[in-house]
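Quick notes on the structure that follows.
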Amino acid sequence: MSTDDRFRGVDWELVLYQVTVHARRLFAGARAKGYGNALARACTEPDDLARMVIMAVLENESVKFKPSKGASLTTFLCRVLEDDFKDLLRKGKRHNLRLKTLDPTSRPDPDLPAERDVVRDRGDEGLNGKLIHLRAVAFHAAQGDKELEDYLTAAFDCSAFKRADQAEWLQVPVSEITNRRKKMLRLLKPTVGDTDGDLGSEE
């Protein structure tokens with residue numbers, strides 16, 4: 001069945017209306033639950049999200065509609081819209097979280113992973129202060145290397161102290177963690193000296 005056959009006879013004006021109404025309901029419900037700021041920081045309006053979902057199904061690449069599955073086009077699009085909305089809300093919540101400081105009284109969202117821009121429940125003196133300083137130095141030394149930044153996020157922000165825990169958190173082999181650790185230590189040693197204990201144990 002070709003793309004044209006799948007969409008033959010579709011009233012796109014009606015489909016756009018139905019999907020847009022569903023998007024507006026999702027946004028209204030999220031705002032009523034206190035996620036207005038997160039949605040605002042996601043920089044997407046309900047009408048735009050509805051159009052993007054319809055464009056995605058028409059492009060037939062990342063989103064593929066199969067009438068043989070039994071769902072109507074509108075039902076399928078609304079399901080895709082709901083998944084995209086959840087991703088959008090998570091993105092907005094992450095942006096919202098990044099605006100918070102190191103204030104230990106602010107409540108972290110348990111549904112979100114730790115963010116590399118936020119360190120919680122650590123004071124600015126003693127060992128905790130050293131960790132915050134070392135973390136800042138490490139991210140600076142990583143120079144925007146995504147793999148190294150992910151590794152540092154696991155080591156500093158996610159309580160993944162062992163290599164096995166870091167590998168599980170990042171969903172990579174332990175050998176990959178070892179390689180990233182060695183690379184990070186080579187970058188750090190000229191600056192901060194021995195950091196083995198802070199970047200993960202041998203286990």
### Criterion (modelled with pLDDT under 75, within 29 Å of Ala42 (Cα to Cα), assigned by TED's automatic domain parsing to the domain that holds Glu45 and assigned to a helix (DSSP H, G or I)) met by exactly one of Lys86, Lys93
Lys93
### Task
Taking Phe76 as meeting all but one of (1) part of a helix (DSSP H, G or I); (2) of a type in the set (Phe, Trp, Tyr); (3) modelled with pLDDT under 85, write down the number of the exception.
(3)
### Task
Kindly indicate whether Asp48 is farther than 30 Å from Asp157 by Cβ and either of a type in the set (Asp, Glu) or modelled with pLDDT under 55 (or both).
yes
### Summary
Pairing a residue in the stretch 162-178 that is at pLDDT below 85 with any residue that is polar (S, T, N, Q) and surrounded by fewer than 16 Cβ atoms within 10 Å (Cβ to Cβ), where Cβ atoms lie under 7 Å and the two sit 6 or more apart in sequence or on different chains, gives Lys162/Ser201
## Note on the structure
Flagged in the stretch 1-44 as part of a loop (DSSP other than H, G, I, E, B), surrounded by fewer than 14 Cβ atoms within 10 Å (Cβ to Cβ) and not basic (Lys, Arg), in numbering order, are Met1, Ser2, Gly9, Val10, Asp11, Gly34, Cys43
### Summary
Those residues of the stretch 47-70 that are of a type in the set (Ser, Thr, Tyr), farther than 17 Å from Asp87 by Cβ and assigned to a loop (DSSP other than H, G, I, E, B) come to a total of 0
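The values are calculated or read from the model by the stated rules, or taken from the named source; none is laboratory data. Computed from a prediction, not measured in an experiment: that's the story for all the values here. Ideal geometry is used to build each Cβ from the backbone, glycine not excepted, and the neighbour counts take in all protein chains shown.
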